[in-house]
Amino acid sequence: MTDFEDGADTLMTTAEVAALLRVKERKIYELVSENQIPHTKVTGKLLFPKALVRDWIKSGTSTAGARSHVERPLVAAGSHDPLLEWALAESGCGIGPMFDGSLDGFARFRRGEALFAGMHVPDPTGTEHNFHLLDAAREDDLSLVLVTWAVRRQGLMFRPDAGLPPGAGEPLSRLAASGLRVQRRQETAGSRVLLEGLLERQAAAQGGVDAVNWSETTARTETEAALAVLEGEADAAFGIETVAKRFKLAFVPVATERYDILIAQNDFFAPAFQKLLVFARGPAFAEKADALGGYDISLLGTTPAPNA
């Protein structure tokens, strides 16, 4: 029995292929018109042999009608992550950091200026991270994937003597009313996107984003934000637990997030990135993650699924 005779499950519709590839149906029609994806017509209906589509995805011999493989510099762009920064240096992988926020890294990656982008950006609903950016990037290149680096705790950082005033309700609901000066992050920072989204949803009754007493300066990394608090330039900042721990700041957890790496399939299997992953699966890396605190590395190197 051939693939075409092995029941309805072996043939996929245009909508099913679009869902599998996480693109819009019009992209599938473009690939068909350019004869770049396995397909057939049965009584005038466009169908796709599932086995051949799967082989086509795995083979990498076609990039789904997108541009050919981009030769990228050995640069890690995106959000600053202390554990990733340490691993880049210690692993000897040859990849250098260029951290200036998740959205900056995403833009650099799409322009071919970085090997990968580290990101932790919630979607507009606040229910998922990074998949909306993957979908946007796959409009250009279907070979792109997300790889989980770590799950991190985000929250409010304070000097031990300058925390939130006591009271009922979530910390963010009390933030605006407290009058505390909160360190602002740059617009490309995933932490800023997350905090402003949470403020609008959780603290709407207190005025949301506009009611917060923001600092006049902008911190471009987690470390700069923590230093601003430590040195009295701000009373509070939003960031990851490991940075609060490093600077001995009080930390109130607010959210858990997934920090993912956006990378092309070919570059995932290339020597530089594989050397980083091999190092990250070793005992020294696990010990460092534990010492830094605030990290769950159990999903490292896996491909996340939506709502996972």
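Annotations
- Residue within region 112-133 that is at pLDDT below 95, assigned by TED's automatic domain parsing to the domain that holds PHE269 and among the aromatic types (Phe, Trp, Tyr) present: yes
- Checked against (1) modelled with pLDDT of 95 or more; (2) not in a loop (DSSP other than H, G, I, E, B), LEU31 passes all but a single condition, namely (1).
- Of all residues in region 112-148, exactly one satisfies the criterion of being assigned to a strand (DSSP E or B), in contact with a Ser or Thr (Cβ under 6 Å, 6 or more places away or on another chain) and either farther than 24 Å from ARG281 by Cα or among the polar types (S, T, N, Q) (or both), namely THR148.
- Residue list for region 39-48, restricted to those being at pLDDT below 80 and either touching an Asp or Glu at 6+ places or on another chain (Cβ under 8 Å) or under 10 Å from LEU11 (Cα atoms) (or both): HIS39, THR40
- Any hit, region 86-108, residues being free of Cβ contacts under 8 Å to residues at least 60 places away in the same chain, among the acidic types (Asp, Glu), part of a helix (DSSP H, G or I) and surrounded by fewer than 19 Cβ atoms within 10 Å (Cβ to Cβ): no
- Exactly one residue out of ARG159, ARG201 is among the basic types (Lys, Arg) and either under 25 Å from ASP123 (Cα atoms) or without any contact (Cβ under 8 Å) to a residue 12 or more places away in the chain (or both), and it is ARG201.
- If you check ALA176, ALA114 for being within 24 Å of ALA87 (Cβ to Cβ), of a type outside the set (Val, Ile, Thr) and either in contact (Cβ under 8 Å) with a residue 12 or more places away in the chain or surrounded by 19 or more Cβ atoms within 10 Å (Cβ to Cβ) (or both), only one passes: ALA114.
- For ARG153, the test of being surrounded by fewer than 22 Cβ atoms within 10 Å (Cβ to Cβ) and either polar (S, T, N, Q) or closer than 22 Å to PHE269 by Cβ (or both) is failed.
- Test for ASP235: is it more than 25 Å from MET119 (Cα to Cα), free of Cβ contacts under 8 Å to residues at least 12 places away in the same chain and either surrounded by fewer than 16 Cβ atoms within 10 Å (Cβ to Cβ) or in contact with a strand residue (DSSP E or B) (Cβ under 7 Å, 6 or more places away or on another chain) (or both): no
The values are calculated or read from the model by the stated rules, or taken from the named source; none is laboratory data. What you are looking at is a predicted structure, and each value in this text was computed from that prediction instead of being measured. All Cβ positions, even for glycine, are placed from backbone atoms using ideal geometry, and neighbour counts span all protein chains on display.
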